[in-house]
1. Condition test on E80, is it of a type in the set (D, E) and at pLDDT below 80?
2. Any residue at all in the stretch 92-103 that is over 23 Å from the mean Cα position of the chain (by Cα) and either crowded, with 22+ Cβ neighbours inside 10 Å or among the hydroxyl-bearing types (S, T, Y) (or both)?
3. Within the stretch 1-30, which residues are in a loop (DSSP other than H, G, I, E, B) and under 18 Å from A113 (Cα atoms)?
4. Here are some residues: R126, R187. Which one is surrounded by 17 or more Cβ atoms within 10 Å (Cβ to Cβ), of a type in the set (D, E, K, R) and farther than 23 Å from R220 by Cα?
5. Please specify each residue of the stretch 14-31 satisfying the condition of being surrounded by fewer than 16 Cβ atoms within 10 Å (Cβ to Cβ) and within 12 Å of S103 (Cβ to Cβ).
6. Identify, please: which residue in the stretch 172-183 is assigned to a helix (DSSP H, G or I) and either touching a residue at least 12 places away in the same chain (Cβ under 8 Å) or more than 18 Å from the chain's Cα centre (by Cα) (or both) and is, among those, farthest from V137 (Cα to Cα)?
7. Just checking, which of G149, G162 is among the small types (G, A, S) and either modelled with pLDDT of 90 or more or under 15 Å from the mean Cα position of the chain (by Cα) (or both)?
Amino acid sequence: MEYLRQVAAIVWKDLVVEVRTRERVAAMGGFTVLVGVLFNYAIDPTVVEPQAIASGLIWMTIIFGGMLGLGRTFYLEEAEGAFQGILLSPIPRDALYLGKVLSNFILLVVVTALVFGVFALFFGLRFGAHPLALVAVILLGTLGFVAIGTLFSAISVRTTMGDTLLPILVFPALVPLIIYGVTATSRLFQGLPVSEVDGNIRMLGAFAVVALAAGAGLFRYVVEE
C-alpha cells in the first residue's frame with residue numbers, strides 16, 4: 001500500500017506541475033494541430049484516399065508529438081537540482097519510474113485524443129466498427145511507448161546532448177510497436193473484424209509488459225550512473 005502511495009505521489013506531483021505550467025501539453029498539442037493542418041494541405045484527397053494512409057500518419061504524429069513531452073520528463077528536477085534529492089529519498093527507484101510512466105501516459109492519452117479529433121476534423125476519418133478494439137490498440141501502444149521513452153529520458157537528461165540523444169535511443173526500440181500498431185489500426189479503419197487484429201493486440205500488450213518490466217528493473221542502474 002505504501003508503494004502505491006509513493007507512485008501516486010509522483011503522478012500527482014507531475015500532473016499538478018503540468019496543470020500549472022501547461023508546458024508539455026501545449027507543446028504536444030500545438031505540434032498535433034500543426035501536423036494536421038500541414039497534412040490537410042499536403043494530401044490531395046482526389047489522388048490519395050486519407051483513410052488508406054491515416055493509420056501511419058496518426059502513429060507518426062503520436063510518436064513525434066510524444067517525444068516533445070517525454071524529453072522533458074526529468075527536465076524540471078534536473079534543472080532545479082532536485083533530481084539528486086529525489087534519488088536520496090527512501091522512495092524505491094522502480095516506484096519513481098512507474099510514477100513517471102503513469103504521468104506521461106495520462107498526458108499522452110490526452111494528446112492522442114486530440115490527434116484523433118484533428119484527423120477526424122481535417123480528413124473526415126471513419127474509425128471503423130470496433131471502437132473498443134481501436135482504443136485497446138492505441139492505449140497499449142501508448143503505454144509501451146512511454147515505458148521505453150521514460151527510461152531513455154532518464155539517460156538523456158543527464159547528458160549535454162539530451163534532446164538529440166533521446167530520439168536516437170528511442171526510435172530503434174519502437175520498431176515492433178510501430179509495425180503492430182500501424183497494422184492493427186489500419187485494419188480496424190478498414191472495418192475488418194477484431195479477429196484480424198487479435199494477434200497484433202496481443203503483441204502490443206506483450207511489448208508494453210516487457211517494456212515496463214525492463215524499465216522498472218533497469219531504472220535503478222540508469223539513475224545511479
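The values are calculated or read from the model by the stated rules, or taken from the named source; none is laboratory data. Bear in mind that the values here come from a model prediction, so they are computed numbers and not experimental data. When we count neighbours, we look across all protein chains shown, and the Cβ atoms used for this are built from the backbone with ideal geometry, even at glycine.
1. yes
2. no
3. R22
4. That would be R187, the only listed residue that is surrounded by 17 or more Cβ atoms within 10 Å (Cβ to Cβ), of a type in the set (D, E, K, R) and farther than 23 Å from R220 by Cα.
5. L15, V16, V17, V19, listed by residue number.
6. A173
7. Of the residues listed, the single one that is among the small types (G, A, S) and either modelled with pLDDT of 90 or more or under 15 Å from the mean Cα position of the chain (by Cα) (or both) is G149.
Residues checked against (1) surrounded by 18 or more Cβ atoms within 10 Å (Cβ to Cβ); (2) modelled with pLDDT of 85 or more:
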position: G56; (1), (2): no, yes
position: F64; (1), (2): no, yes
position: M67; (1), (2): yes, yes
position: Q84; (1), (2): no, no
